[in-house]
Structure formats: structure tokens, C-alpha cells
Amino acid sequence: MTVGSRERRPVGAIVLRDLAQTSPVLADGEHLSRRPGKTGRRPISLQIRRLIPTLAEANPLWRAPRIHGELLKLGIAVSERTVSRVLQIVKRSPSQTWRTFSKNHIGEVVSVEFFTVPRIRLRVLFVFLVVEHERRRVLRFGVTEHPTAEWAAQQMAEAFSETDARRYLIRDRDAIYGNAFRCRIHSLAMHRLIPTVSLNSYVRAKRCSTQPLWMSS
């Protein structure tokens, strides 16, 4: 046995020992682990562990990536994986799927969508549809060469001029639905739903069918 062999210790133990001597107590009140051979991230504080479920309960649609981003904005350095582990113990109320929502509110939902129709002289027409989900009935059909938010808002007003407005409106994130359109929807007491799948694909599929849109099942 050589003389220097007595002083050999694990590198991790030396690093932890030096850190413990220089800063034994962290800013959030947590002590560094003094156990040799233990490496990795230090545990998060109790305040942050309580803050993550609070954010999740206040915002049911937020998941680990969104909560992680909000914590970074607050200057809280925590990994997304840690947030995900904390969220595993959070009991969330089961949210209904899109199929369940559509079945429960089929009579209260309408959709709007723009699609284009090219003409022979290289001119493009913009077609605006308001479709009732319950019977697949077209409530409004408008055509223009220069669509604007004001024009789309007027189409919504005419679509429900002789009937009550539905409770839910499904639309995409097109910039055409500007402030004038949103104000009109608000005046009709309709709630906007913006799903990830646009109605445009549905409309294109139905245009290729031999049956009209409102007659297809």
C-alpha cells in the first residue's frame, strides 16, 4: 500500500464536501447532500413543489411544457422532466373527448370556414360557409373576391337573422377572423372553439363527394 492510497476518495464525495464547506445552505433553505457517490440535480424546494400543482389546478389545460415555460418566466430554474414528475401526483378531473363533446352538444355547434375556388381567368373566389352540425345544414353561403373581417361578421349576422344563434362556434386561426368578427360573435353570445383540425379538410373531402354537403351522413 502506497502512502498516497489513504487519501484516495471518490471524486463525487470531494466535490460535495467542498460545496458543503463553501455554501452548506442553499437559498431556498435546502441542504446539500453529504452522502458520497450521490450526484445529479438537487431536489426542488417545497414551495416550488406546491406551486406546480397550484398552476395545474388553476389551468386545467396546461401540461408540463407550458408550466415549465411559465416557471422559467418567473426565474425558477427547474427542468421539464421534474415538472412532469410532480404532475403525476396531481389528480385532474377527467376531461371529455372531442367525440363526447360533439355528441353532448351536437345541437348547439356550428362551424365556419373559408375555401377558395379558382376561376378560368385566374381570379380566385373566396367562399364562406356556416354549417350546422346537427343536420349538416348550410346556414349561410357567401362568395366574395376580397374577404375582410367586417364582411365575415356580416355573414354571421345574416346567418342567424331568422333563427337563434348557437352556443358554440368552431373556427380555425385564420387572420380573417379579426376584431370585427370577434365582436360580432360576442354580440351573438357564442363561445369560440379553435380545434387543432380545421374544417377545411372536411369541406374539401365533401366537395369531392357526389352528395351535397348537407345531405351527407
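What follows is calculated from the coordinates using simple rules that are stated; it is not laboratory data. Fair warning: this is a prediction, and the values are worked out from it, not measured in the lab. Neighbour counts are summed over all protein chains in view; Cβ atoms, including those assigned to glycine, are modelled from backbone coordinates with ideal geometry.
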By how many nm would the segment from R119 to S84 lengthen if fully extended, with 0.36 nm per residue of separation less the alpha-carbon distance?
7.4 nm
Estimated FRET transfer efficiency when R0 is 25 angstrom, pair S187-E57 (beta carbons, to 0.05)
0.15
Could you work out how far apart the two model spin labels at R66 and K103 are, taking each label as a point 7 Å from the Cα in the direction of the beta carbon, and quote it in nm?
2.5 nm
Local electrostatic count, N179, Cβ distance below 15 Å [Lys/Arg +1, Asp/Glu -1]
+3
For every other residue with a beta carbon closer than 12 angstrom to the beta carbon of L71, add +1 if it is Lys or Arg and -1 if Asp or Glu, then tell me the sum.
+1
Pairwise FRET efficiency - F141 versus R167, Cβ, R0 = 22 Å, nearest 0.05:
0.50
